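All remarks here apply to the structure that follows.
The values are calculated or read from the model by the stated rules, or taken from the named source; none is laboratory data. Keep in mind that this is a model prediction, so the values were computed, not measured. Here Cβ is always computed from backbone atoms with ideal geometry, including for glycine, and neighbour counts include all displayed protein chains. Note: accessible area is taken over every heavy atom of the protein model, side chains too, but ligands, DNA and RNA are not part of it. Shrake-Rupley method; radii C 1.70, N 1.55, O 1.52, S 1.80 Å.
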Amino acid sequence: MADDPRIQEAHRIPMLDLVDRLDLRGLVRTSGELVGPCPGCGGKDRFSINPQKAVIYCRKCDARGDQIALVRLALGLDFRAALEWLVGPVQELTPAQRDERQRRADEAKRKQRDYERKARESSIRTARDIWFAAKPAEGSPVRDYLAVRGITAALLPILPHCLRFEPEARYVIPVEGQQNRWQTLHVGPAMVGAVVDAQGRVTAVHRTWIDLTQPKGKLVIPDPRKPGETLPAKKVLGSKKGGAIRLSAPREARMMVMGEGLETTATALVAHPYDEPVAYWCGVDLGNMSGIRMKGKGLKYDGIPDLTDTEAWVPPPWVQRLVFLQDGDSEPRLTRAKLLSGLRRAIAHRPGLTAAIVHPGEGIDMNDLLMGAAPVGMEGE
Ligand SMILES: [Zn+2]
């Protein structure tokens, strides 16, 4: 079986084609992976597909593997049946037929890459249009929203340039089962944060829909697909991979503090417990701060970065000390693994850099914590 040429053929099928063919629903693209419910055991976001590496992984049922593994998982087939479902029964091919199949597979791959590149470029263009059409944040509901979150004008007299205001931001979700179709759930005021890449170009916008009548100032949007559940009031449009929202970046800074959320990072910015200039950047999401991690048996919480991920975020060369803020999270071990991965990646790319994770717990002075931060190597497993 192992030398069955059909296995190689199965490996040439793009994962994204397979997602379509298997009609897998609810997968969302994050950090170059598709994440969503497991076709085997359900859930919300426990399952991932890496289309580049053509591997799948479920952190609950531990399903992992290639195209054949995905078909086995989704359709409950054994290896032989899954292989047949993918590439048909065993047949003797002439060398010419085999070449032709290879050619077609290569062509399909090229088309898929082309499609992805175009979709990415188009979403970046849309993000830039939104950013450049947005209004100044000063004097807008962005001020009120931040004040509700404890970041008052007294604490932050000058708003960061990376924040703007969009009076009529459209909140859309994909129409299920249809590619490139969207439905609008809400139109209203939003805070817009610019996500910029290493070259300082805007590649995405991070929007927070504002509703000042809510305790946290954020819009509450019921999920039309899941009764009783709500959708996040924040969304990122464009390509955030490798980017950050630069809340502050003093020219003389040699140290950077990065949090996942805008509010967390802004809180650290106004607290500023250091004697030296510090850049405060928001990493947008944990996956972006982590980059792709090494996955496999026993590696889940190890936080080992996959250094072949060339698009992952890396701090600029001037950063000599990097501190990641750990938000409160339902899965602190996994959060920690992701942060460790990002810090280790930074150290691998910037020799001499020192790094730490701080976790401001409830009722604890952020200042004490920041000052007491332990180096990565000393953090317990
Ligand atoms: Zn599973």
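Highest mobility in the GNM of the chain, judged by mean-square fluctuation with C-alpha springs under 10 Å and restricted to Val319, Val192, Val175, is found for Val175.
Rounded if a/c is under 1.5, else prolate if a/b beats b/c, else oblate: with a ≥ b ≥ c from the C-alpha gyration tensor eigenvalues square-rooted, which is the range 134-240?
Values: a/c = 2.44, a/b = 1.34, b/c = 1.83.
Cα axes put the range 134-240 in the oblate bin.
Helical runs assigned H by DSSP (4 residues or longer) give the chain a calculated mean residue ellipticity at 222 nm of -9500 deg cm²/dmol, each run adding -39500 (n - 2.57) before division by the residue total.
Each residue of the range 94-107 was assigned a 3J(HN,Hα) from its phi angle through the Karplus expression (A = 6.51, B = -1.76, C = 1.60, θ = phi - 60°), giving 6, x, 5, 5, 5, 4, 4, 4, 4, 4, 5, 5, 4, 4 Hz with x at Gly and Pro. Computed packing ranks the peptides 76-83, 38-45 as 38-45, 76-83, most packed first, by mean other Cβ atoms within 10 Å. For the chain, the list of Cys residues with no other Cys C-beta under 4.7 Å reads Cys162, Cys282.
Between Ala105 and Arg25, take the C-beta separation as r, use R0 = 22 Å, and let me know the FRET efficiency to the nearest 0.05.
Working: r = 26 Å, r/R0 = 1.17.
For Ala105 and Arg25, the calculated efficiency is 0.30.
Remark: spin-label model distance Lys60-Asp17 equals 3.0 nm, labels positioned 7 Å along the Cα→Cβ axis. Excluding Gly291 itself, calculate the net charge of residues whose Cβ lies under 10 Å from the Cβ of Gly291, where each Lys or Arg counts +1 and each Asp or Glu counts -1. Spelling it out: positives minus negatives among the neighbours equals +2. Contact order, relative form, for the chain: 10 percent (alpha carbon pairs under 8 Å, 6 or more residues apart, mean separation divided by residue count).
Rg of the Cα atoms in the chain, relative to 2.2 N^0.38 Å, amounts to 1.08. Extension gain, His349-Arg181: 0.36 nm per intervening residue step, less the Cα-Cα distance, totals 56.5 nm. Checking the table Lys44/Lys240; Lys53/Lys234; Lys118/Lys297; Lys44/Lys295; Lys60/Lys118; Lys135/Lys241 against a 31 Å threshold on Cα-Cα, which pairs fail? From Lys44/Lys240; Lys53/Lys234; Lys118/Lys297; Lys44/Lys295; Lys60/Lys118; Lys135/Lys241, over 31 Å: Lys118/Lys297; Lys60/Lys118. In this rough spin-label picture, where each label sits 7 Å from Cα along the Cβ direction, the Ile173-Ala96 distance is 5.4 nm. Database remark: amide H of Leu231 closer than 5 angstrom to the amide H of Ile221, Asp223 (H placed geometrically; neighbours at sequence offset of 5 or more, or on other chains; Pro and chain starts carry no H).
Taking the solvent-accessible surface of protein heavy atoms with a 1.4 Å probe, what is the per residue accessible area of the range 5-92 in Å²? Walk me through the intermediate numbers first.
On the way: 4360 Å² over 88 residues.
I get 50 Å² per residue for the range 5-92.
Each peptide in 256-268, 158-170 was scored by the mean count of other Cβ atoms within 10 Å over its residues; highest first, the order is 256-268, 158-170. Computed extension gain for Glu331 through Arg80, at 0.36 nm per residue and net of the alpha carbon distance, reaches 86.6 nm.
Within the set of other residues whose C-beta is less than 14 Å from the C-beta of Thr230, count the net charge using Lys and Arg as +1 and Asp and Glu as -1. Numbers along the way, then the final one.
Values: positive: Lys44, Lys216, Lys218, Arg225, Lys226, Lys234, Lys235; negative: Asp211, Asp223, Glu229.
Once all neighbours under 14 Å are counted, the net charge is +4.
If you sort the three axes of the alpha carbon gyration tensor as a ≥ b ≥ c, you get a/c of 1.5 or more for the range 253-360 and a/b no higher than b/c, which makes it oblate.
Reported to the nearest whole Å, the Cα centre-to-centre distance from the range 277-352 to the range 173-243 is 24.
Compute the Cα gyration tensor for the range 204-244, then decide on rounded, prolate or oblate, letting a ≥ b ≥ c be the square roots of its eigenvalues: rounded whenever a/c is under 1.5, prolate when a/b is larger than b/c in the other cases, and oblate in all that remain.
On the way: a/c = 3.58, a/b = 1.52, b/c = 2.35.
Verdict is oblate for the range 204-244.
Extension gain, Arg125-Met294: 0.36 nm per intervening residue step, less the Cα-Cα distance, totals 57.6 nm. Relative to the Cα centre, the charge distribution of the chain, modelled as +1 at Lys and Arg Cβ and -1 at Asp and Glu Cβ, gives a dipole magnitude of about 680 debye. Of the residues Met258, Val172, Leu339, the one whose Cα sits farthest toward the positive end of the charge dipole of the chain, with +1 on the Cβ of Lys and Arg and -1 on the Cβ of Asp and Glu, is Val172. The value of relative contact order for the range 13-83, using C-alpha pairs under 8 Å at least six residues apart, is 21 percent. Peptides 57-63, 113-119 ordered by packing proxy, namely the average of other Cβ atoms within 10 Å per residue, highest first: 57-63, 113-119.
What chymotrypsin sites (Phe, Trp or Tyr not before Pro) in the range 242-326 are in a loop by DSSP, with at most 16 other Cβ atoms within 10 Å of the Cβ? Those that pass, being in a loop and sparsely packed, are Tyr274, Tyr301, Trp318.
Toward the positive end of the charge dipole of the range 5-92, with +1 on the Cβ of Lys and Arg and -1 on the Cβ of Asp and Glu, the farthest Cα among His11, Gln52, Leu77 is that of Gln52.
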